[in-house]
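Peer 1: Please find one structure pasted underneath; my questions will follow.
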Amino acid sequence: KYEKIWLLFGIASLLVFTVTIGVSAFYMGNQPPSCLVTVDPAKVYETEPFNQPGLKQVGDKDYELVVVASAFNYDVGPEKVIQIPVGSTVNFIGTTTDVIHGFEVAGTNANMMLEPGYINTVKTTFNKPGKYTIVCNEYCGLGHHLMFATVEVV
Ligand code: CUA
């Protein structure tokens with residue numbers, strides 16, 4: 001009799017889990033890292049486009065932000081605050097020189113993992129002005145909480 005209850009509980013938990021994953025994958029836009037393009041972690045700064053981290057305008061309200069993560073910093077060019085106009089689409093292109101770091105633009109659907117040896121990208125459009133903090137959501141060591149950069153939409 002108890003077995004039945006536990007079995008039901010097990011099936012129910014599995015369903016909840018599956019639905020949660022489904023919702024986060026298709027509704028929230030969370031996707032596992034694509035990890036198709038590789039880069040030698042020791043030569044990140046010698047490899048395009050990471051030899052020039054930072055913001056590049058590639059079209060009208062269309063930008064690329066090249067990010068090099070390392071413990072415990074996001075190198076997004078000379079400025080720590082990236083400024084873009086409202087309505088801009090930014091393609092974030094990132095990698096890491098050391099360990100796995102997270103890359104989440106708080107308040108948007110942009111969320112990816114930066115893994116050593118791989119280049120990952122995520123694209124998002126900023127339709128509301130404000131300050132968006134880029135945070136590391138993957139524990140990477142003692143300075144984990146110090147990793148951030150800011151996108152300012154004006
Ligand atoms: Cu980088 Cu946590």
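Peer 1: Roughly how much of I5 is accessible, in Å² to the nearest 10, using a 1.4 Å probe?
Peer 2: 100
Peer 1: Rounded to the nearest 500, what is the 222 nm mean residue ellipticity of the chain from helices alone, with -39500 (n - 2.57) per DSSP H run of 4+ residues and division by all residues?
Peer 2: -6000 deg cm²/dmol
Peer 1: Something else now. Determine the per residue accessible area of the chain with all protein chains present and a 1.4 angstrom probe, expressed in square angstrom.
Peer 2: 60
Peer 1: Rounded to a whole number, what % of the accessible area of the stretch 37-153 do carbon and sulfur atoms account for, probe 1.4 Å?
Peer 2: 51
Peer 1: Further question: If contacts are Cα pairs under 8 angstrom and at least 6 residues apart, what is the relative contact order of the chain in percent?
Peer 2: Once normalised by length, the contact order is 22 percent.
Peer 1: Sorting F148, F103 by accessible area (1.4 Å probe), largest first, what list results?
Peer 2: So the residues, ranked largest to smallest area, are F148, F103.
Peer 1: Compute the acute angle (0 to 90°) between the alpha-carbon long axis of helix 2-26 and the principal axis of greatest extent of the alpha-carbon atoms of the chain; round to the nearest 10°.
Peer 2: Helix 2-26 sits roughly 20 degrees off the main axis of the chain.
Peer 1: On the full set of protein chains, 1.4 Å probe, figure out the accessible area of E3 and give it in Å² to the nearest 10.
Peer 2: 130
Peer 1: Could you give me the ³J(HN,Hα) list for the stretch 91-103, computed from phi with Karplus coefficients 6.51, -1.76, 1.60 and θ = phi - 60°, whole Hz, x at Gly and Pro?
Peer 2: Rounded to whole hertz, the list is 9, 7, 10, x, 8, 9, 8, 9, 9, 5, 10, x, 8.
Peer 1: If one puts a single equal scatterer on every Cα of the chain and applies the Debye formula without solvent, what log₁₀ I(q)/I(0) results at q = 0.12 Å⁻¹?
Peer 2: -0.55
The values are calculated or read from the model by the stated rules, or taken from the named source; none is laboratory data. Note that this is a predicted model, so its numbers are computed, not measured. Surface accessibility is based on the protein's heavy atoms, side chains included, excluding ligands, DNA and RNA. Shrake-Rupley method; radii C 1.70, N 1.55, O 1.52, S 1.80 Å.
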